[in-house]
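Peer 1: Sharing a structure, written as structure tokens. Questions coming.
The values are calculated or read from the model by the stated rules, or taken from the named source; none is laboratory data. Since the structure is predicted, the reported quantities are computational estimates derived from the model, not experimental observations. We place every Cβ from the backbone using ideal geometry, glycine too, and count neighbours over all the protein chains shown. Accessible surface is based on the protein model in full, side chains and every heavy atom, while ligands, DNA and RNA are left aside. Shrake-Rupley method; radii C 1.70, N 1.55, O 1.52, S 1.80 Å.
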Amino acid sequence: MEALTDQFSLREMLDFMCRRIELIAPDCMAVVMLSTGAILHAGGHGGIPMPVLQAFEGLEASTAGGACGTAIATAEEVVIPDFGQETRWPALRAVACRHGLAAEWAVPIILRNGEVAGSFSLYFRKPGQPDRWHRRIVNACVHLAMLAIEQQRSRESIIRLSYTDRLTSLPNRLWLNRRLNELVARPPATALSIMVIDLDRFRKIVQALGQGRADQMLLELAGRLRHGIVGRDVLVRTEGDEFVVLTTQDATDITHLAERILPTLEEPFTIDNIPINISGSIGISTHQDGQAVEETLRQAYTALAQAKKAGRCCYRFFHPSMNRQADDHVILASALREAIADNRLTLVYQPQVDLRTGALHGVEALSRWTDPVLGMVSPGRFIPVAEETGQIRELGIWSLRVACEQMADWIARDIMVPTISVNLSAIQFQDPELVSQLATILHQTGVPSERLIVELTETAMIENFDQTMTTATAIRNLGIGLSMDDFGTGYSSLSNLASLPISEVKIDRSFMNGFGSTGNVRQVVTAIIRIGHTLGMTVIAEGVEEAEQCSQLREIGCDVIQGYYFGRPMDTSSLDKWISARRAAPVAVA
């Protein structure tokens with residue numbers, strides 16, 4: 001019992017038991033035979049000669065397997081009083097007799113679930129039956145052997161569960177970490193690569209279907225992926241919607257594997273008669289000699305991030321340049337957090353001009369950042385970082401507050417800036433606190449709501465149209481204008497556009513490339529203008545840099561233009577001078 005509680009291994013426990021029996025019953029030798037898959041093997045023994053044990057190894061646990069096999073097969077004790085008089089099992093009898101054994105008593109070890117796990121045998125040096133003392137010993141030890149076997153199985157079950165994903169029964173992250181360390185420790189190190197597979201926008205699938213149906217989909221997906229894995233490759237589910245393939249294939253074969261997996265992910269699922277379409281992204285890294293396995297895993301995740309950045313539904317191999325990009329991302333995110341906290345960002349303002357009158361229609365507020373160490377950081381760099389790190393909410397609220405404070409200043413100084421537009425990320429339109437924050441800022445700055453316009457992109461409609469619709473309606477109910485930015489570059493439907501309470505639509509600057517008096521670009525721009533007017537919206541063209549563009553936009557009925565032709569983004573002082581100069585000497589519209 002003490003040995004059981006000391007966490008001995010099963011073999012150590014059974015060996016210890018057999019040796020103790022032989023100390024208190026020196027006329028016999030003890031052996032425990034276990035049955036694994038109906039095959040006999042020694043579980044523990046004392047001083048019995050090794051040739052006797054070896055004669056049993058690999059025999060079937062049946063009536064052909066000597067007294068031990070018969071006891072296991074029949075679940076009943078078997079007594080052989082004298083090997084010399086026994087006619088069964090001649091080969092086994094011959095080995096026993098050669099080594100001075102004359103009799104045997106085998107008792108089945110029956111677990112509490114009724115399974116016969118093995119047999120407990122006493123071999124005697126003289127012919128005869130087991131006496132009362134032997135039976136007392138064996139009765140106690142059979143029970144202890146049963147407890148030891150069940151304890152060992154419990155340990156194995158715990159270990160197996162700790163290394164197994166409960167949903168898919170695949171190996172889990174703990175198993176992956178252990179296996180990676182085992183593989184790279186082998187001399188010579190086994191060449192291996194890691195492929196990380198991650199589903200795109202899985203969180204939205206869970207929100208739409210519920211966790212139960214999402215789990216059903218993951219279970220079916222695991223089956224598909226497992227079917228596609230061949231040879232020595234291993235499929236692992238590390239967490240959520242993430243799977244890992246551990247492979248020893250070369251780069252060419254890994255490429256073929258990735259190209260097989262991506263279409264597998266895109267095959268539609270049907271869960272409870274609901275069709276589900278998904279896609280996935282893959283990052284791949286190859287382990288280098290002397291490299292820590294944690295670094296190889298990190299490289300695979302870096303490659304995965306690049307695949308998602310490239311538009312998702314694709315794969316990328318790790319390249320050292322990705323490390324530099326990742327380091328830049330971390331540095332930039334940290335510096336941006338400090339810049340927002342210390343109010344080191346600024347807003348500049350680009351004028352928007354009415355094409356019919358030449359008057360100032362309004363200004364768009366644009367964020368600018370000059371860091372003391374990094375220098376000038378373009379919005380194209382820090383806005384995506386802010387979105388990825390969640391700082392976009394703080395940045396958006398900061399922009400709204402500073403823009404409204406500036407509008408209040410213009411109103412106080414009687415400088416006529418009709419409206420100010422502020423860009424908000426699609427992420428912010430999912431924030432339930434956005435509307436109350438807008439109302440608070442307007443109240444605190446005293447700016448009339450009609451002087452503020454909030455710009456949203458088509459991405460906001462794509463990501464979560466219902467939430468965007470709720471937020472947009474609440475914003476318009478405050479009296480704030482709503483502008484659709486970069487129209488024509490996304491994938492939203494016209495029905496969505498018609499449903500949203502938008503007051504103006506902005507034609508993306510990309511349409512100004514190749515815009516002329518004829519051609520497809522002009523026809524598309526004309527169509528956008530007509531759609532906007534039909535829906536009662538003001539239409540603004542961005543990126544206007546030439547007089548000819550201005551003239552032709554005026555011909556097809558565009559309302560407002562914004563671009564370098566009239567003015568670059570300016571700080572407050574420069575914009576005040578620009579407004580003053582135009583007031584003194586009005587500029588005619590082309």
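Peer 1: May I ask you to say which residue of Cys28, Cys68 is modelled with pLDDT of 90 or more and within 15 Å of Arg88 (Cβ to Cβ)? Explain how you work it out, then say what you get.
Peer 2: Working: Cys28 fails: within 15 Å of Arg88 (Cβ to Cβ).
Exactly one residue qualifies, and that residue is Cys68.
Peer 1: May I ask you to list the residues in region 43-52 that are touching a helix residue (DSSP H, G or I) at 6+ places or on another chain (Cβ under 8 Å) and loosely packed, with under 14 Cβ neighbours inside 10 Å?
Peer 2: Correct list: Gly47, Pro51.
Peer 1: With the requirement that a residue be open to solvent by 60 Å² or more (accessible area, probe 1.4 Å) and under 20 Å from the mean Cα position of the chain (by Cα), what does region 287-296 give you?
Peer 2: Scanning region 287-296 gives a single hit, Glu294.
Peer 1: Is it the case that Gly396 is open to solvent by 30 Å² or more (accessible area, probe 1.4 Å) and touching a helix residue (DSSP H, G or I) at 6+ places or on another chain (Cβ under 9 Å)?
Peer 2: In short, no.
Peer 1: Taking the residues in region 1-42 that are touching a residue at least 24 places away in the same chain (Cβ under 8 Å) and of a type in the set (Lys, Arg) as candidates, determine which candidate is least open to solvent (accessible area, probe 1.4 Å).
Peer 2: Per the stated criteria, the residue is Arg11.
Peer 1: Also, I was wondering about something else. Has region 259-278 got at least one residue that is within 26 Å of Leu161 (Cα to Cα), open to solvent by 10 Å² or more (accessible area, probe 1.4 Å), charged (D, E, K, R) and at pLDDT 85 or above?
Peer 2: Within region 259-278 (the criterion being within 26 Å of Leu161 (Cα to Cα), open to solvent by 10 Å² or more (accessible area, probe 1.4 Å), charged (D, E, K, R) and at pLDDT 85 or above), the answer is no, since none of the residues qualifies.
Peer 1: Restricting attention to region 122-154, and to residues there that are of a type in the set (A, V, I, L, M, F, W, C) and open to solvent by 20 Å² or more (accessible area, probe 1.4 Å), which single residue is farthest from Ala25 (Cα to Cα)? Even if it seems obvious, please write down each step before you answer.
Peer 2: Of region 122-154, the ones of a type in the set (A, V, I, L, M, F, W, C) are 122, 124, 133, 137-138, 140-142, 144-149.
Then keep just the ones that are open to solvent by 20 Å² or more (accessible area, probe 1.4 Å); that gives 133, 140, 142, 144, 147.
Numbers: Trp133: 9, Ala140: 14, Val142: 16, Leu144: 17, Leu147: 22 Å.
If we take residues in region 122-154 being of a type in the set (A, V, I, L, M, F, W, C) and open to solvent by 20 Å² or more (accessible area, probe 1.4 Å), then Leu147 is farthest from Ala25 (Cα to Cα).
Peer 1: Between a first residue in region 64-76 that is on the phi > 0 side of the Ramachandran plot and a second residue that is assigned to a helix (DSSP H, G or I) and of a type in the set (A, V, I, L, M, F, W, C), which pairs have beta carbons less than 6 Å apart while being 6 or more apart in sequence or on different chains?
Peer 2: Gly66/Leu92
Peer 1: List the pairs whose first member sits in region 380-392 and is of a type in the set (A, V, I, L, M, F, W, C), whose second member is open to solvent by 50 Å² or more (accessible area, probe 1.4 Å), and whose Cβ atoms are under 6 Å apart, counting only residues at least 6 apart or on separate chains?
Peer 2: Short answer, once both residue conditions are applied: Ile392/Ile427.
Peer 1: Right, Ile110: among the hydrophobic types (A, V, I, L, M, F, W, C), modelled with pLDDT of 90 or more, in contact with a strand residue (DSSP E or B) (Cβ under 6 Å, 6 or more places away or on another chain) and open to solvent by 50 Å² or more (accessible area, probe 1.4 Å) or not?
Peer 2: Considered against the rule, which asks whether it is among the hydrophobic types (A, V, I, L, M, F, W, C), modelled with pLDDT of 90 or more, in contact with a strand residue (DSSP E or B) (Cβ under 6 Å, 6 or more places away or on another chain) and open to solvent by 50 Å² or more (accessible area, probe 1.4 Å), Ile110 comes out as yes.
Peer 1: (1) surrounded by fewer than 11 Cβ atoms within 10 Å (Cβ to Cβ); (2) touching a residue at least 12 places away in the same chain (Cβ under 8 Å): which one isn't true of Asn177, the others all being true?
Peer 2: Here Asn177 meets the rest and fails (1).
Yes/no per residue for (1) part of a strand (DSSP E or B); (2) under 16 Å from Asn477 (Cα atoms); (3) open to solvent by 30 Å² or more (accessible area, probe 1.4 Å):
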residue	(1), (2), (3)
Ile411	no, no, yes
Ser425	no, no, no
Phe429	no, yes, no
Val435	no, yes, yes
Leu438	no, yes, no
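Peer 1: Which of the residues that make up region 466-489 are out of contact with any strand residue (DSSP E or B) (no Cβ under 8 Å at 6 or more places or on another chain) and among the charged types (D, E, K, R)?
Peer 2: Asp466
Peer 1: Go through Leu122, Leu101, Leu170, Leu92 for me and flag whichever is farther than 20 Å from Arg20 by Cα, in contact (Cβ under 8 Å) with a residue 12 or more places away in the chain, touching a strand residue (DSSP E or B) at 6+ places or on another chain (Cβ under 9 Å) and of a type outside the set (Val, Ile, Thr).
Peer 2: None of the others qualify; the one that does is Leu170.
Peer 1: When you scan region 553-578, how many residues do you find that are outside any loop (DSSP other than H, G, I, E, B) and open to solvent by less than 10 Å² (accessible area, probe 1.4 Å)?
Peer 2: 5
Peer 1: Could you say whether any residue in region 237-246 is of a type outside the set (Phe, Trp, Tyr), crowded, with 20+ Cβ neighbours inside 10 Å, within 30 Å of Ile276 (Cα to Cα) and in contact with a Phe, Trp or Tyr (Cβ under 6 Å, 6 or more places away or on another chain)?
Peer 2: Yes: one or more hits.
Peer 1: Looking at region 316-328, can you tell me whether even one residue there is modelled with pLDDT of 85 or more, within 22 Å of the chain's Cα centre (by Cα) and assigned to a strand (DSSP E or B)?
Peer 2: yes
Peer 1: Just to check your reading of the model, which residue among Ala64, Ala55 is crowded, with 16+ Cβ neighbours inside 10 Å, more than 53 Å from the chain's Cα centre (by Cα) and under 20 Å from Phe83 (Cα atoms)?
Peer 2: Ala55
Peer 1: Separate question: Suppose we keep only residues that are touching a Leu at 6+ places or on another chain (Cβ under 8 Å) and crowded, with 20+ Cβ neighbours inside 10 Å within region 297-315. Which one would you say is modelled with the highest pLDDT?
Peer 2: Taking the candidates together, the pick is Leu297.
Peer 1: Kindly check whether there is at least one residue in region 48-60 that is assigned to a helix (DSSP H, G or I) and touching a Ser or Thr at 6+ places or on another chain (Cβ under 9 Å).
Peer 2: no
Peer 1: Is it the case that region 373-389 has a residue that's open to solvent by less than 30 Å² (accessible area, probe 1.4 Å) and either modelled with pLDDT of 90 or more or under 24 Å from Val447 (Cβ atoms) (or both)?
Peer 2: No: region 373-389 contains no residue that is open to solvent by less than 30 Å² (accessible area, probe 1.4 Å) and either modelled with pLDDT of 90 or more or under 24 Å from Val447 (Cβ atoms) (or both).
Peer 1: Still on this structure, I have one more. Do any strands (runs of 3 or more DSSP E) lying entirely in region 184-290 carry at least 1 residues that are of a type outside the set (Ser, Thr, Tyr), farther than 23 Å from Thr302 by Cβ and in contact (Cβ under 8 Å) with a residue 24 or more places away in the chain, and which ones are they?
Peer 2: Of the strands (runs of 3 or more DSSP E) lying wholly inside region 184-290, those with at least 1 residues that are of a type outside the set (Ser, Thr, Tyr), farther than 23 Å from Thr302 by Cβ and in contact (Cβ under 8 Å) with a residue 24 or more places away in the chain span 269-271, 274-276.
Peer 1: If you don't mind, another one. Given the condition open to solvent by 20 Å² or more (accessible area, probe 1.4 Å) and not in a loop (DSSP other than H, G, I, E, B), answer yes or no: does some residue in region 76-84 qualify?
Peer 2: Yes, that holds for at least one residue.
Peer 1: Just give me the residues in region 193-218 being open to solvent by 50 Å² or more (accessible area, probe 1.4 Å) and hydrophobic (A, V, I, L, M, F, W, C), in sequence order.
Peer 2: Ala208 - this is the single residue of region 193-218 that is open to solvent by 50 Å² or more (accessible area, probe 1.4 Å) and hydrophobic (A, V, I, L, M, F, W, C).
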